[in-house]
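Engineer: Once you've had a glance at the structure underneath, I'll fire off some questions.
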Amino acid sequence: MKIDAFAHVIPARYLSRLEALFGANALSERVLGYEPWLREDPALTDLDSRWRTMDAFEGYVQVLTLAVPPVEELGEPGSSAKLAKLANDEMAELVATHPDRFVGFAAALPMGDPEAAAAELERAMGELGALGAQLHTNVAGRPLDDERFAPVFQAADRAAAAVWIHPTRSPIWADYLVEERSSYGIWWSLGWPYETSVCMARLVYSGAVERYANVSFLTHHAGAMVPHFSGRLAAPIEDENRESILLGLAEEPLVYFRRFYADTAMFGAAHAVRCAIEFFGPEHVLFGTDMPLGGPKVVGDTIADIEASGLDADAIEKVFAGNALRVFKVQRPVSRTARQ
């Protein structure tokens, strides 16, 4: 069994709404940069294409997460709340219709209205069976540790939910102050890992990871920069409030960084996956591929990265499936062969 903990999808009815918004040119420039991704790979929107990819790997199942752009950037709070509801209803339908392929889904939340987002999280988990929610590393440029988002984290903590953290950044985020746009796709290749790392650091130093101890935070792309630069994250260096920040935490900062879970979506960089496993520990790493946005080889490459990690058979089983079953509190699905 291999449970892909971070696989993306754009359901059919939700896709129609997205295409209408893009067609009407009704979105901000920062969102328009995501439009080509709607057709990045047919498996993102077409189930038959997804089945062809999945069937190449025995015992391979997925947890569904909505692909970018974040719903809160698709309109004013009222309309984005409707989009989130539509997406969550459709993902729940996919899980219910194909239980041998999907073990669950992460709810999309309209974070532009935190109270509505908290209510949608409760509805999605209570009525639809969502495993938690996917949040993006910033909400229209505002960090997740902002106090206005407390209702969402409080709801997640009450439900002992999983929270997927996905980076968001677009080509209009320039690489340098003197420029207007990013070049060479750096907004994605390096900007997204930076976004994830900053988000993690803010959640640690602000005390959110400690405060919401019942939440299981799952970070994309193997914890981004954190495993590689952990030595630089032991304390908030050169902060005038450094001592008060450290005194406000019961443990050293690195203890909280290691409470995050990380996926393995590194696109064939086996050394990076090994680094994440060494930092977080094999019980805090979940097989996750970014499928289908990493290209046609992304599932096979990710499997190969884990198999080359040097872990023993028991630890490899935990990474491939056991950790996901435990963290998401789901049952091992019936295999497609058994159903036939």
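Engineer: Among Leu27, Leu15, Leu83, which is the only one that is surrounded by fewer than 20 Cβ atoms within 10 Å (Cβ to Cβ) and either free of Cβ contacts under 8 Å to residues at least 24 places away in the same chain or closer than 25 Å to Gly129 by Cα (or both)?
Structural biologist: Result: Leu15 is the single residue among Leu27, Leu15, Leu83 that is surrounded by fewer than 20 Cβ atoms within 10 Å (Cβ to Cβ) and either free of Cβ contacts under 8 Å to residues at least 24 places away in the same chain or closer than 25 Å to Gly129 by Cα (or both).
Engineer: Specify the residue that is surrounded by the most Cβ atoms within 10 Å (Cβ to Cβ); the eligible residues are those in segment 203-228 that are within 20 Å of Asn323 (Cα to Cα), touching a residue at least 60 places away in the same chain (Cβ under 8 Å) and not β-branched (Val, Ile, Thr).
Structural biologist: Per the stated criteria, the residue is Leu218.
Engineer: Give the residues of segment 270-325 that are assigned to a loop (DSSP other than H, G, I, E, B) and touching a residue at least 40 places away in the same chain (Cβ under 8 Å), sorted by residue number.
Structural biologist: Leu286, Phe287, Gly288, Thr289, Asp290, Met291, Pro292, Leu293, Gly295, Pro296
Engineer: Being surrounded by 18 or more Cβ atoms within 10 Å (Cβ to Cβ) and farther than 19 Å from Ser309 by Cβ: is that true of Ser244 here?
Structural biologist: For Ser244, the condition - surrounded by 18 or more Cβ atoms within 10 Å (Cβ to Cβ) and farther than 19 Å from Ser309 by Cβ - is not met.
Engineer: Same structure, new question: On the given criteria, is Gly223 at pLDDT below 95, closer than 28 Å to His8 by Cα and not charged (D, E, K, R)?
Structural biologist: Considered against the rule, which asks whether it is at pLDDT below 95, closer than 28 Å to His8 by Cα and not charged (D, E, K, R), Gly223 comes out as no.
Engineer: Out of all the residues in segment 99-156, which are in contact (Cβ under 8 Å) with a residue 12 or more places away in the chain, among the charged types (D, E, K, R) and not in a helix (DSSP H, G or I)?
Structural biologist: Within segment 99-156, Asp100, Arg101, Asp113, Asp145 meet the criteria.
Engineer: Output the helices (runs of 4 or more DSSP H) that fall wholly within segment 1-78 and possess 3 or more residues being charged (D, E, K, R), or say none.
Structural biologist: Hits in segment 1-78: 12-23, 47-54.
Engineer: Out of (1) exposed (fewer than 15 other Cβ atoms within 10 Å of the Cβ); (2) within 20 Å of Thr289 (Cβ to Cβ), what's the single condition that is false for Trp164?
Structural biologist: The single condition Trp164 does not satisfy is (1).
Engineer: Then there's this: Of everything in segment 240-269, what is modelled with pLDDT of 95 or more, hydrophobic (A, V, I, L, M, F, W, C) and assigned to a helix (DSSP H, G or I)? Give them in sequence order.
Structural biologist: Leu254, Val255, Phe257
Engineer: Select from segment 1-12 the residues that are closer than 11 Å to Ala87 by Cα and within 15 Å of the chain's Cα centre (by Cα) and write down the one among them that is surrounded by the most Cβ atoms within 10 Å (Cβ to Cβ).
Structural biologist: Only one residue fits best here, namely Val9.
Engineer: Can we say Thr289 is over 23 Å from Asp145 (Cα atoms), in contact with a Gly (Cβ under 8 Å, 6 or more places away or on another chain), of a type in the set (S, T, N, Q) and surrounded by 16 or more Cβ atoms within 10 Å (Cβ to Cβ)?
Structural biologist: Taking the combined requirement at face value, the residue does not satisfy it.
Engineer: For Val198, state whether it is crowded, with 22+ Cβ neighbours inside 10 Å and either touching a residue at least 24 places away in the same chain (Cβ under 8 Å) or among the hydroxyl-bearing types (Ser, Thr, Tyr) (or both).
Structural biologist: Spelling it out, it is not the case that Val198 is crowded, with 22+ Cβ neighbours inside 10 Å and either touching a residue at least 24 places away in the same chain (Cβ under 8 Å) or among the hydroxyl-bearing types (Ser, Thr, Tyr) (or both).
Engineer: Of the residues Ala56, Ala96, only one is closer than 20 Å to Ala133 by Cα, of a type in the set (A, V, I, L, M, F, W, C) and over 21 Å from the mean Cα position of the chain (by Cα); which?
Structural biologist: Exactly one of Ala56, Ala96 is closer than 20 Å to Ala133 by Cα, of a type in the set (A, V, I, L, M, F, W, C) and over 21 Å from the mean Cα position of the chain (by Cα), namely Ala96.
Engineer: Ok, one more. Tally the residues that are among the hydrophobic types (A, V, I, L, M, F, W, C) and loosely packed, with under 15 Cβ neighbours inside 10 Å, restricting the search to segment 229-241.
Structural biologist: Result for segment 229-241: 3.
Engineer: Out of everything in segment 110-151 that is touching a strand residue (DSSP E or B) at 6+ places or on another chain (Cβ under 8 Å) and closer than 13 Å to Arg211 by Cβ, what residue ends up being surrounded by the fewest Cβ atoms within 10 Å (Cβ to Cβ)?
Structural biologist: The qualifying residue surrounded by the fewest Cβ atoms within 10 Å (Cβ to Cβ) is Phe149.
Engineer: Go through (1) in contact with a Leu (Cβ under 8 Å, 6 or more places away or on another chain); (2) exposed (fewer than 14 other Cβ atoms within 10 Å of the Cβ); (3) of a type outside the set (Ser, Thr, Tyr) one by one and return the number of the condition Gly310 breaks.
Structural biologist: Checking Gly310 against (1) in contact with a Leu (Cβ under 8 Å, 6 or more places away or on another chain); (2) exposed (fewer than 14 other Cβ atoms within 10 Å of the Cβ); (3) of a type outside the set (Ser, Thr, Tyr), the one that fails is (1).
Engineer: Restricted to segment 51-71, and to residues that are under 19 Å from Leu15 (Cα atoms) and not aliphatic (A, V, I, L, M), which residue is surrounded by the fewest Cβ atoms within 10 Å (Cβ to Cβ)?
Structural biologist: Only one residue fits best here, namely Trp51.
Engineer: Follow-up question, since we're still on this one. For segment 173-214, enumerate the residues that are part of a helix (DSSP H, G or I), touching a helix residue (DSSP H, G or I) at 6+ places or on another chain (Cβ under 9 Å) and of a type in the set (D, E, K, R).
Structural biologist: Those that are part of a helix (DSSP H, G or I), touching a helix residue (DSSP H, G or I) at 6+ places or on another chain (Cβ under 9 Å) and of a type in the set (D, E, K, R): Arg202, Glu210, Arg211.
The values are calculated or read from the model by the stated rules, or taken from the named source; none is laboratory data. Everything numeric in this text was worked out from a predicted model, so none of it was measured. Heads up, the Cβs are rebuilt from the backbone with ideal geometry, glycines too, and the neighbour counts pull from every protein chain shown.
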